[in-house]
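The values are calculated or read from the model by the stated rules, or taken from the named source; none is laboratory data. Every value quoted in this text rests on a predicted model; they were computed, and no experiment measured them. Note: ideal-geometry Cβ built from the backbone for every residue, glycine included; neighbour counts use all protein chains shown. Each accessible area value is taken on the protein alone, full model and side chains, heavy atoms only, with ligands, DNA and RNA left out. Shrake-Rupley method; radii C 1.70, N 1.55, O 1.52, S 1.80 Å.
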Amino acid sequence: MVDNRYATALVIGSVLSLLASVYLSVAVGTQHWYQYNSPVTHEVSNASKLKEEFINGDFNEKTYVEAMFHLNGTLGLWWRCILVPDLKMECVSFTLQQQFYPKYKAPGDPDSEEELLRTYLWRCQFLLPLVSLALVFLSGLVGLCACLCRSFTPTLGAGVLHLLAGLCSLGTVCCFLAGVDLLHQFLPQPGGVESSMGWSLYLALISFPLQMMAAALFLWAARSHSKSYTRVMAYRVA
C-alpha cells in the first residue's frame, strides 16, 4: 500500500508540473517577452515606411528592431510586433529558417562579421523551451509507466526529467535576456525610448520554480518510499 504522504506528494508534483507546462507553453506562443515604449511626444516621420518594411519587407534584423524602437514594439521567441498609428497591433512571426539565421556585429548587415555569441544565444532561446516541454511530456510517460507497474522506481526518473526541464526553462530566460542586452550594445535604443520585460517572460520565469518544486517532490517521494520499503522488507526477513 502506498503511504498517503507519498501519494499526496505525487499529486501536488503533478499539478505543479501541469501549471509549469501551461505557463511555459503560453510564454512560448506569445510575443510579450520584451517591449519598447516610445514617449507620447516622440513623433516618427517615416512611420508608414517603417510599418511597410516591418510587415512586407525582407527579413532584416536592423529594420524590424528599429521599427519596434519607434512604434512601441514587442518581441517574443516566435513573434515580433509593432503598434501602428491607428493603435492596432501588427505582428509577424519568425519562420523556422529565420530562427537559424546568423547574427552580425552590425545587425542586418550580412557583410559584417558574424557575432557567434548572439547567434547561439538566439538559437538556444527558442530550442530550450521546446526541450523543456518535451522532457515534461517524457516524464508524464514515465509516470504513466509507474502507475501501470505499481512501482515508485520510475518516479525517480520523472523527478530527474523535471529537474532538467526546469534548468532548460531558466536557460531560456537567461539566453533571451543576454541576447537582447547584446543586441542593444550593437544597436542602441534611441533617446527617450524605454524598454522593459514583458509578462510572457515572467510566465516562463515562473515555470522554472514550479518545475523544480515538482522535481523535488518526485525525488523525495521516490527516495523516501524506497527507504521505507527497504526497512519493511528487512523487518519481515528478521
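Placing a pseudo-label 7 Å from each Cα along the Cα-to-Cβ vector at Thr153 and Leu96 gives an inter-label distance of 3.8 nm. Annotation: extensible slack from Glu52 through Glu113 equals 19.2 nm (criterion: 0.36 nm per residue apart, minus Cα-Cα distance). Scanning the chain for chymotrypsin sites (Phe, Trp or Tyr not before Pro) lying in DSSP loops with no more than 14 further Cβ atoms inside 10 Å, the longest uninterrupted stretch between such sites is 101-238. Other residues within the sphere of radius under 15 Å centred on the Cβ of Glu53, judged by their own Cβ, net out at -1 (K and R +1, D and E -1).
Per residue, what accessible area does the chain have, given a 1.4 Å probe and all protein chains present, in Å²? Please list the in-between numbers first.
Numbers: 12740 Å² over 238 residues.
Normalised by residue count, the accessible surface of the chain is 54 Å².
Compared with the dominant Cα axis of the chain, that is its longest principal axis, helix 153-186 is turned about 20°. Residues Ser48, Ser93, Ser112, ordered by accessible area of protein heavy atoms at a 1.4 angstrom probe radius and largest first, appear as Ser48, Ser93, Ser112.
For the chain, with all protein chains present and a 1.4 Å probe, just round the carbon and sulfur fraction of the accessible area to a whole percent. All intermediate terms of the calculation are to be shown ahead of the outcome.
Values: 8130 of 12740 Å².
Taking all protein chains in place, the chain shows 64 percent carbon and sulfur surface.
Taking only the C-alpha atoms, wrap a convex hull around the stretch 11-144 and report its volume per residue in Å³ as a whole number.
140
Computed on the Cα trace of the stretch 4-229, the radius of gyration divided by the Kirkwood hydrodynamic radius gives Rg/Rh = 1.11.
Nearest 0.05, what FRET efficiency do Leu18 and Met89 give at R0 = 35 Å with Cβ-Cβ as r? Spell out each step's value before the answer.
Details: r = 30 Å, r/R0 = 0.85.
Working from the Cβ atoms, E equals 0.70.
Based on alpha-carbon centroids, what's the gap between the stretch 126-182 and the stretch 87-122 in Å, whole number please? Between the Cα centre of the stretch 126-182 and that of the stretch 87-122, the gap is 27 Å. Sequence-ordered 3J(HN,Hα) estimates for the stretch 126-132 from the Karplus curve with 6.51, -1.76 and 1.60 and θ = phi - 60° stand at 9, 7, 4, x, 5, 5, 4 Hz, glycine and proline given as x.
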